[in-house]
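Quick notes on the structure that follows.
The values are calculated or read from the model by the stated rules, or taken from the named source; none is laboratory data. The structure presented is a predicted model; accordingly, all values stated were derived computationally and were not measured. Neighbour counts run over all protein chains shown; Cβ positions are idealised from the backbone, glycine included.
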Amino acid sequence: MRVLGGMTVRWLAMLALCAAYLQGGVDKALDFPAAIAEMQHFGLAPAAPLVILTIVVELGASVSILSGIYRWAGALVLAGFTLSASFIANRFWEMAPPERFMAANSFFEHIGLVGGFVLVAWLDLQQRAAKRA
């Protein structure tokens, strides 16, 4: 059981939690026109500044979590970002089958990520409080 509490395993778990955001931020940065098209697909404007903000959030908050520098803040930022994006991109309640099935699965998978990030923030704040005490 001691292995599961190890720093390496914890960091790898956080890397897994951040993997989609790291990949998404890099992909958006490398293919800016496709990222703009994605924003426009969801009716978000102005697209270019929102893509830049998304890249900064995805990469910056992930680095914050992985480095431990304001980990709690990075985790809460990604929780809020993910929750917002889920309501924008996975509006399954407005869809007919079979699209509804995939969108609903994606929506609830993202809610799970939100819970994971909230847990990371809570644990980090608990650890910080314990160190101060």
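Data overview
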quantity	calculated
Selection within the range 1-19 - exposed (fewer than 15 other Cβ atoms within 10 Å of the Cβ) and either modelled with pLDDT of 95 or more or under 22 Å from residue 79 (Cα atoms) (or both)	9, 10, 11, 12, 13, 15, 16, 19
Only one of 53, 59, 66, 83 that is in contact (Cβ under 8 Å) with a residue 40 or more places away in the chain and either surrounded by 13 or more Cβ atoms within 10 Å (Cβ to Cβ) or part of a helix (DSSP H, G or I) (or both)	66
Condition check for residue 39: over 20 Å from residue 84 (Cβ atoms) and at pLDDT 95 or above	no
Filter pass, residue 13 being under 18 Å from residue 121 (Cβ atoms), in contact (Cβ under 8 Å) with a residue 40 or more places away in the chain and not hydroxyl-bearing (Ser, Thr, Tyr)	no
Conditions (1) more than 21 Å from residue 40 (Cα to Cα); (2) touching a Lys or Arg at 6+ places or on another chain (Cβ under 6 Å); number of the one not met by residue 131	(2)
Test: residue in the range 87-97 that is in contact (Cβ under 8 Å) with a residue 40 or more places away in the chain and buried (at least 17 other Cβ atoms within 10 Å of the Cβ)	no
Hey, residue 106 surrounded by 15 or more Cβ atoms within 10 Å (Cβ to Cβ) and free of Cβ contacts under 8 Å to residues at least 24 places away in the same chain or not	no
Candidate set from the range 69-80 (those that are assigned to a helix (DSSP H, G or I) and under 17 Å from residue 56 (Cβ atoms)); member that is farthest from the chain's Cα centre (by Cα)	73
Answer from 66, 59 - the residue that is of a type in the set (A, V, I, L, M, F, W, C) and within 15 Å of residue 121 (Cα to Cα)	66
